[in-house]
1. Can you tell me how many residues in the range B:209-242 are buried (at least 16 other Cβ atoms within 10 Å of the Cβ) and away from ligand 1 (no atom under 14 Å from the Cβ)?
2. Taking the range B:82-121 on its own, how many of its residues are in a loop (DSSP other than H, G, I, E, B) and either touching a strand residue (DSSP E or B) at 6+ places or on another chain (Cβ under 8 Å) or under 26 Å from B:Thr171 (Cβ atoms) (or both)?
3. Can you tell me which residue is farthest from B:Ile186 (Cα to Cα) among those in the range B:25-55 that are within 14 Å of chain A (Cβ to nearest Cβ) and within 7 Å of ligand 1 (Cβ to nearest atom)?
4. Do we find that B:Val71 is open to solvent by less than 30 Å² (accessible area, probe 1.4 Å) and free of Cβ contacts under 8 Å to residues at least 24 places away in the same chain in this structure?
5. What are the residues in the range B:157-178 that are out of contact with any strand residue (DSSP E or B) (no Cβ under 8 Å at 6 or more places or on another chain) and open to solvent by 10 Å² or more (accessible area, probe 1.4 Å), if any?
6. For the range A:105-121, does any single residue satisfy the condition of being away from chain B (no Cβ under 14 Å), more than 30 Å from B:Glu103 (Cα to Cα) and in a helix (DSSP H, G or I)?
7. Checking A:Pro216 against (1) within 13 Å of another protein chain (Cβ to nearest Cβ); (2) outside any helix (DSSP H, G or I); (3) open to solvent by less than 10 Å² (accessible area, probe 1.4 Å), only one condition comes out false. Which one?
8. Can B:Leu126 be described as closer than 29 Å to B:Leu49 by Cβ and in a helix (DSSP H, G or I)?
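The values are calculated or read from the model by the stated rules, or taken from the named source; none is laboratory data. Remember, predicted model here, so these are calculated numbers, not experimental data. Glycine gets a Cβ as well: all are built from the backbone with ideal geometry, and neighbour counts include every protein chain shown. These area figures cover heavy atoms from the full protein model, side chains too; ligands, DNA and RNA do not enter into them. Shrake-Rupley method; radii C 1.70, N 1.55, O 1.52, S 1.80 Å.
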Amino acid sequence: MELSQFYQDLLPALNKGVIMSIALIIPSALGGVCIGIAAGSLRTYGPKFIRKLCDGYAAVFRGTPLVIQLFVLYYGLPNLGIYFSPYGAAVTGFMLCSGAYQSEYVRGALLSIKRGQYWGAQALGFSSFQTVFWIIIPQAMRRALHGCGNEIIYLIKYSSLAYIVTCMELTGEGNTIATEYFRFTEVFMMVGLYYLVLVSCAMLILKKVEQWLHVPGFGHQES
Amino acid sequence: MTAAKTILEVEGLHKSFGDNTILKGVSLTLKEGEIKVLIGPSGGGKSTLLQCINCLVTPESGTISLHGNTVNLENKKELYQLRQRVGMIFQEFNLFDHLTALENVTIALRKVKNFSKVSAEKRARLELEQVGLGDKTDLYPAQLSGGQKQRVAIARTLAMDPEVLLLDEPTSALDPELVGEVIAVIKALAAKGMTMIMATHQISLISGLAQNVLFMENGVIAEQGSPKELLGAGKQTRTQGFCDRLSDLGEGGS
Ligand SMILES: Nc1ncnc2c1ncn2[C@@H]1O[C@H](COP(=O)(O)OP(=O)(O)OP(=O)(O)O)[C@@H](O)[C@H]1O
Ligand SMILES: [Mg+2]
């Protein structure tokens, strides 16, 4: 059984697109989590000025549409002499946007850790930094995991916005074929299926991470 | 024990939270091997005093001296040093929830005292065995009973080789049947000559261990003396009255 010309064009294009999507998602997710942890910690424990600065960052990136952020990065910044490649603009935009959301989850989790945990460490001679780094963050991470995972799943889906700054990923490739053959239904259902697979993989990985970080009774028990 | 030397000296501690003055100039001196017990009504400032002594709460004024050297509370290094040398046991244990019993003991050894992993574990196992938990090293706090948690907390603090131990009602968050195991550990420490200040409502600890009882009320030490002086038959002291009320509540046994 031969595949029709349409499918012979579609599948390689989507495969190429999904690879680009993955290349966008992985660094954006990792970068987003790192920025989220840093910004979330600074927003909670940082000196006042830095705290305000990070609050401002989160407010701007949570308060404006991602499309606008990407437009500014790709089409706006060249006016200031800052040039991004399509890929660079997309990854930067995703990281900053994701980081802003992640910082909310991280901050919430940090604030939920009881003062006793902090005191327990301080009383043993831990410095403030050591306390936050070795005691508070590892616990907060486990509490934030659900929210952060959810944000990564959103990220997988909003990575489809990369094609508006001409970075040809899954949605962009699909769109090209769809316009060429004028067969929108099949193409976008196929694209949807690809995203579903990506999200399922991400959920599986998150589940593994959750198991790996699991501590008996953690989060349920209140001491 | 002749002419034991002074380890810890606290002078004129003041602390308020907003308009609420909690400590109104508390002073005390602790000699090597001495055990002082803090008692008094709820809200009298016992916990605040202990927290001020190792600066979990910063006093507004007053000095803290170890071996005659006044600690500069503005200097972080000196503060961390003070806290390593003055251990603290909390009412609610404050074990690190994400670490096993063993890791709860090793983490401070490794991060604060820079022990290697192997020597930290060796020391931690020893301390856990001392408090009778040699077989519970791999359990997480959520899997331990209250008494076991408090004993891990004691092991964790002792592993740092403190010179003084501050205990803030170490048994009052425990079910009555678990109080005994923690008291046994504290008594063993006392027998080894550990220097301690302990806030407690446990009559058996007051009369059995204390060389000195401090009765604290409204932010000052209202009475102090040996248990005999304050609690002896027929003494009309406020401490006596307070302890009678404790006994009436049925807290006497251990
Ligand atoms: N962080 C805080 N902020 C405001 N007020 C506080 C704070 N900590 C303690 N207090 C107040 O200080 C007073 C003394 O508290 P403290 O815990 O020292 O008493 P206590 O003698 O230990 O009492 P208890 O026997 O109930 O433990 C209380 O009235 C309490 O409300
Ligand atoms: Mg108290």
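1. 13
2. Taking the range B:82-121 and keeping what is in a loop (DSSP other than H, G, I, E, B), we get B:90-100, B:112-116.
Narrowing further to those that are either touching a strand residue (DSSP E or B) at 6+ places or on another chain (Cβ under 8 Å) or under 26 Å from B:Thr171 (Cβ atoms) (or both): B:90-100.
Residues in the range B:82-121 being in a loop (DSSP other than H, G, I, E, B) and either touching a strand residue (DSSP E or B) at 6+ places or on another chain (Cβ under 8 Å) or under 26 Å from B:Thr171 (Cβ atoms) (or both): 11 in total.
3. Step one: of the range B:25-55, the residues within 14 Å of chain A (Cβ to nearest Cβ) are B:47-48, B:50-55.
From what's left, within 7 Å of ligand 1 (Cβ to nearest atom): B:47-48.
Details: B:Ser47: 18, B:Thr48: 22 Å.
It comes out as B:Thr48.
4. On the way: open to solvent by less than 30 Å² (accessible area, probe 1.4 Å): yes; free of Cβ contacts under 8 Å to residues at least 24 places away in the same chain: yes.
Criteria met by B:Val71.
5. To start, the set of residues in the range B:157-178 that are out of contact with any strand residue (DSSP E or B) (no Cβ under 8 Å at 6 or more places or on another chain) comprises B:159, B:161, B:171-178.
Within the range B:157-178, B:Asp161, B:Ser172, B:Ala173, B:Leu174, B:Asp175, B:Pro176, B:Glu177, B:Leu178 meet the criteria.
6. Checked against the condition, which is being away from chain B (no Cβ under 14 Å), more than 30 Å from B:Glu103 (Cα to Cα) and in a helix (DSSP H, G or I), the range A:105-121 yields no hits at all.
7. For A:Pro216, the failing item is (3).
8. Values: closer than 29 Å to B:Leu49 by Cβ: no; in a helix (DSSP H, G or I): yes.
So B:Leu126 does not fit the description; no.
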